[in-house]
Amino acid sequence: MEMPIPNQDILARKAQIVERLQSILPDAAVIHTESQVRAYECDALTAYKCPPLCAVLPTSTQEVAAVLKICHDMGVPVVPRGSGTSLAGGALPTADCVILGTARLNGVLETNYDDRYIRVQSGRTNLSVTGAVEEMDFFYAPDPSSQLACAIAGNIAMNSGGAHCLKYGVTTNNLMGVTMVLMDGTVTEIGGAHLDAGGLDLLGLICGSEGQLGVVTEATLRILRKPEGARPVLMAFNDNEVAGACVADIIKAGVLPVAIEFMDRLCIETTEKYAKAGYPDCEALLIVEVEGAPEEIDEQLAVILDIARRHDPVELREAKTADEAARIWLGRKSAFGAIGQISDYMCLDGTIPVSSLPMVLRRIGELSEEYGLKVGNVFHAGDGNMHPLICYDANKPGDLELCEAMGAEILKLCVDAGGCLTGEHGVGIEKRDLMSHQFAPQDLEIQMAVKDVFDPQWLLNPAKVFPLVSSQSRRIAAE
Amino acid sequence: MTPQTEQELADVIASAKGPLRISGGGTRPIGNPVVGEALSTSGLSGISLYEPGALTIVAQAGTPVAEIEAALDSENQRLAFEPMDHRAMLGTDGVPTIGGVVSGNISGSRRISVGACRDHMLGVRFVDGAGVITKNGGRVMKNVTGYDLVKLLSGAYGTLGVLTEVSLKVLPKPETSATLYLNGLDLSRAVEAMSKALGSPYEVTGAAYNQAVSLRIEGFEASVAYRMGQLKTLLAEFGDLTEQPDKKTSEEIWDSATNVHGFSDAPAVWRISVKPSETPAFIDVLQQMHGFDYALDWGGGLIWLAAYDDHLSEAAHYHQDSARHNDTVAGAEVLHTNLQHNAGRAGGHTTLIKAPDAVRAAVPVFQPENPTVTALSKGLRAQFDPRGILNAGLMG
């Protein structure tokens with residue numbers, strides 16, 4: 001993976017830069033020794049590593065503003081970092097950058113149950129947002145699978161989704177306002193506890209901008225009352241296409257499950273060995289979950305099971321107890337870990353129109369044979385967000401490159417099927433150079449023109465999202 | 001000018017010599033008055049793709065909303081954000097288009113539970129102020145590929161680009177709908193009751209107040225009956241409850257709430273968004289100075305405020321120019337200034353939706369924003385529309 005050549009002038013000024021940062025932050029909040037900065041050399045895309053110049057851990061909006069102002073004045077790039085769980089390399093440093101970590105911005109500022117929102121500092125983890133309102137039976141809806149560790153700051157940067165967004169939407173649909181610091185240190189409020197923008201929807205623009213437009217330090221998030229209950233049902237089929245058709249029929253029938261998850265044979269078999277969830281022997285299985293009062297759940301599941309029966313299932317398994325429900329989810333939730341036990345893998349995130357599911361699955365199977373790499377499919381079927389897991393051997397020379405080449409083929413396939421490169425993980429560095437497959441030059445140009453407005457010097461997370469060749473003139477002009 | 005293709009539209013914009021006044025069906029003359037040659041998107045019409053199983057529809061921007069709703073209805077689906085039809089309130093008689101809905105981020109009562117128009121937007125194609133055809137987003141439900149210009153274009157009233165095609169998420173129509181009335185509540189008790197209902201697990205999809213509180217429940221018959229029962233128990237402390245279980249009547253109630261039929265004959269109407277718990281004080285403070293009518297939606301977070309001629313004449317007495325103390329236009333200016341001032345203090349915003357042209361020309365129709373947001377918005381407009389020809393000045 002190509003990254004820009006580090007700016008030698010900045011590397012030479014490291015002592016000076018560190019000193020300036022230490023003048024406005026406690027010593028412990030400026031991390032600069034060679035051994036310490038190693039902790040920030042990568043995120044969850046571990047194939048790529050690069051220690052930063054230094055890292056800072058501010059505790060307030062004012063400190064973030066002071067850090068950015070210094071970096072702005074000294075012309076130093078800044079890479080914002082939530083919890084470092086990005087699978088796309090969104091927080092991968094360059095050698096000449098300052099990592100701005102949000103880990104110590106983790107407080108709850110306000111909870112308001114009457115108006116149904118919570119205001120938190122952005123470094124707070126996703127799950128601990130729900131944790132802060134759980135005693136009142138409320139929750140924060142977006143639930144990326146890394147929710148125990150991932151920070152709201154990163155969720156906002158990547159517009160993260162999760163398994164339950166079919167009903168509740170993704171981050172952008174649950175974000176009401178932010179306090180944001182621009183690269184020059186200016187602090188601004190965008191949105192708030194009211195609904196919708198009074199002017200242009202800058203909040204919608206910030207969400208998903210991968211830390212390239214500003215650093216979000218505080219966020220107002222919508223919280224919802226927990227449903228009375230939820231219950232999953234497991235459906236096994238002997239054909240991927242039939243499972244895909246069943247998904248479309250369920251959606252058309254007027255029931256809106258909170259989740260429809262799909263697993264193929266490789267994932268089923270692998271997780272069975274690992275988690276022993278007792279899944280049936282089949283080609284494809286669906287986990288469909290519905291919510292509500294017990295009577296409502298019964299009624300919705302009756303409709304769903306009726307549809308499933310018309311698709312010649314191998315097995316339909318209803319959870320009668322909480323324990324049975326947990327067992328249905330067990331395999332799905334262990335799937336990534338189980339694949340990780342047998343192999344290194346790369347997790348893709350392309351999204352396709354649900355109608356193209358059978359075609360895309362078939363083509364992925366063919367690519368798997370062509371490249372000689374195994375692929376497991378486990379994904380959010382209701383919204384077409386696929387997660388093909390390509391297995392490779394990190395110790396075998398050339399295997400990572402082969403895996404990446406195959407990944408690129410699959411993502412192009414998703415785009416050609418009417419979908420997109422990434423549904424919830426973000427572009428980062430991982431899919432940066434594939435952007436020109438999805439977008440024409442003018443589509444990328446207007447996006448880069450947006451960054452020009454927020455960060456004219458291209459100092460914030462500059463080497464991400466756009467193909468390096470497309471952003472090159474802007475990055476060089478900024479130096 | 002009414003171009004018939006996206007390319008024609010792009011050519012018109014690229015070769016424009018002066019400002020353009022862009023409209024869809026012309027049913028929503030909202031914003032500061034715009035001068036320029038008229039450019040209509042009504043020639044770009046038709047549904048390009050509808051996949052009920054994927055909950056997705058793609059249509060040309062000039063497609064009539066009614067055509068989209070009819071197509072969705074045939075598959076028992078709908079635009080869940082319940083776009084408002086402004087014709088009755090604004091006294092317009094064109095054909096509302098989907099591009100107009102998106103350009104204004106127009107949502108109705110169900111916004112409180114399912115999100116706004118922008119939350120259902122999946123993709124756009126548009127022509128920017130230089131005549132360049134651009135796309136963003138797509139037609140899939142989850143998409144974080146590049147910056148989200150879809151949200152930015154939704155609600156930009158054509159000032160950043162002229163929409164040519166939009167893709168939207170649609171949702172199944174529920175089997176039935178019922179409405180619960182809470183009668184005889186004053187404003188602060190009404191907001192309290194709506195907050196309690198919306199904070200319950202019974203999935204209230206509408207919460208409005210106009211003399212009585214109305215709460216909407218939708219879904220399968222048995223589920224609606226169950227949740228209605230639970231809601232009545234939960235809200236028993238609020239006293240006089242009556243139920244409207246008939247689907248058709250319930251739908252009419254919400255049609256009227258969303259389209260604010262009650263204020264059709266008012267000469268001046270404002271739309272105010274604040275957090276619901278601020279609303280009682282907001283109204284109370286204003287009532288100490290002015291006369292007006294109001295109705296609430298979105299659990300109290302949306303205030304529709306209407307002033308009639310006697311209210312406006314009364315407000316005119318506060319105008320700094322004593323020569324205008326009987327002038328209703330001056331009265332509307334006074335009321336407007338106070339509304340934006342108070343909404344700003346409450347952390348929300350006020351938009352003037354309906355008023356004589358003289359008022360719309362004299363005041364900032366959209367809430368003035370903080371200097372940073374103003375500068376960023378100005379910077380974005382300069383990038384998307386370097387010559388400043390697209391609905392110039394409409395949003396201030």
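Structure summary
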| item | result |
| --- | --- |
| Residue within the range A:437-444 that is touching a residue at least 24 places away in the same chain (Cβ under 8 Å), of a type in the set (D, E, K, R) and either open to solvent by 10 Å² or more (accessible area, probe 1.4 Å) or not assigned by TED's automatic domain parsing to the domain that holds residue A:81 (or both) present | no |
| Test: residue B:248 is away from chain A (no Cβ under 14 Å), farther than 26 Å from residue A:192 by Cα and modelled with pLDDT of 95 or more | no |
| Qualifying residue in the range A:402-417 (condition: in a loop (DSSP other than H, G, I, E, B) and in contact with a helix residue (DSSP H, G or I) (Cβ under 9 Å, 6 or more places away or on another chain)) | yes |
| Selection from the range B:147-177 of residues that are of a type in the set (A, V, I, L, M, F, W, C) and either surrounded by fewer than 23 Cβ atoms within 10 Å (Cβ to Cβ) or not in a strand (DSSP E or B) (or both) | B:149, B:150, B:152, B:153, B:156, B:160, B:170, B:171 |
| Tabulated pairs, the range A:196-216, first free of Cβ contacts under 8 Å to residues at least 12 places away in the same chain and within 8 Å of another protein chain (Cβ to nearest Cβ), second charged (D, E, K, R) and surrounded by 24 or more Cβ atoms within 10 Å (Cβ to Cβ), C-beta under 7 angstrom, 6+ apart or interchain | A:201/B:118; A:201/B:151 |
| Selected residue [in contact with a Gly (Cβ under 6 Å, 6 or more places away or on another chain) and over 13 Å from residue B:170 (Cα atoms)] from B:94, B:104, B:108 | B:94 |
| Given (1) in contact with a Pro (Cβ under 9 Å, 6 or more places away or on another chain); (2) away from chain B (no Cβ under 13 Å); (3) part of a strand (DSSP E or B), index of the condition residue A:364 fails | (3) |
| Options A:60, A:35, A:83; residue that is farther than 24 Å from residue A:122 by Cβ and hydroxyl-bearing (Ser, Thr, Tyr) | A:35 |
| Residue pairs meeting the criteria (Cβ under 6 Å; at least 6 apart or on separate chains; first closer than 19 Å to residue B:343 by Cα, in the range B:303-317; second among the β-branched types (Val, Ile, Thr) and outside any helix (DSSP H, G or I)) | B:303/B:272; B:304/B:260; B:306/B:269 |
| Residue list for the range A:246-280, filter: within 12 Å of another protein chain (Cβ to nearest Cβ), open to solvent by 10 Å² or more (accessible area, probe 1.4 Å) and under 26 Å from the mean Cα position of the chain (by Cα) | A:248, A:256 |
| Candidate set from the range A:166-180 (those that are free of Cβ contacts under 8 Å to residues at least 40 places away in the same chain and β-branched (Val, Ile, Thr)); member that is surrounded by the most Cβ atoms within 10 Å (Cβ to Cβ) | A:171 |
| So residue B:264, is it away from chain A (no Cβ under 14 Å), under 30 Å from residue A:302 (Cα atoms) and in contact (Cβ under 8 Å) with a residue 12 or more places away in the chain | no |
| Enumeration of residues in the range A:281-298 that are at the interface with chain B (Cβ under 10 Å from one of its Cβ atoms), in contact with a Phe, Trp or Tyr (Cβ under 7 Å, 6 or more places away or on another chain) and open to solvent by less than 50 Å² (accessible area, probe 1.4 Å) | A:293, A:296 |
| Test result for residue A:141, aliphatic (A, V, I, L, M), within 14 Å of chain B (Cβ to nearest Cβ), in a loop (DSSP other than H, G, I, E, B) and under 19 Å from the mean Cα position of the chain (by Cα) | yes |
| Matching entry among A:193, A:153 (being modelled with pLDDT of 95 or more, out of contact with any helix residue (DSSP H, G or I) (no Cβ under 8 Å at 6 or more places or on another chain), farther than 21 Å from residue A:256 by Cα and assigned to a loop (DSSP other than H, G, I, E, B)) | A:193 |
| Which listed residue is of a type outside the set (Gly, Ala, Ser), more than 14 Å from chain A (Cβ to nearest Cβ) and open to solvent by less than 10 Å² (accessible area, probe 1.4 Å), from B:365, B:329, B:359 | B:359 |
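Results for (1) under 26 Å from residue B:367 (Cα atoms); (2) touching a strand residue (DSSP E or B) at 6+ places or on another chain (Cβ under 9 Å); (3) at the interface with chain A (Cβ under 10 Å from one of its Cβ atoms), shown as yes or no for each residue.
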{"site": "B:90", "(1), (2), (3)": "yes, yes, no"}
{"site": "B:102", "(1), (2), (3)": "yes, yes, no"}
{"site": "B:109", "(1), (2), (3)": "yes, yes, no"}
{"site": "B:113", "(1), (2), (3)": "yes, yes, yes"}
{"site": "B:182", "(1), (2), (3)": "no, yes, no"}
{"site": "B:186", "(1), (2), (3)": "no, no, no"}
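Yes/no per residue for (1) within 9 Å of chain B (Cβ to nearest Cβ); (2) touching a Gly at 6+ places or on another chain (Cβ under 6 Å); (3) open to solvent by less than 40 Å² (accessible area, probe 1.4 Å):
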| position | (1), (2), (3) |
| --- | --- |
| A:404 | no, no, no |
| A:411 | no, yes, yes |
| A:429 | no, yes, yes |
| A:433 | no, no, no |
| A:462 | no, no, yes |
| A:468 | no, no, yes |
| A:475 | no, no, yes |
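The values are calculated or read from the model by the stated rules, or taken from the named source; none is laboratory data. Everything quoted here is computed from the prediction, not taken from an experiment. Quick reminder, even Gly has a Cβ in these numbers, built from the backbone with ideal geometry, and neighbours come from all protein chains shown. Heavy atoms of the whole protein, side chains included, go into the accessibility calculation; ligands, DNA and RNA do not. Shrake-Rupley method; radii C 1.70, N 1.55, O 1.52, S 1.80 Å.
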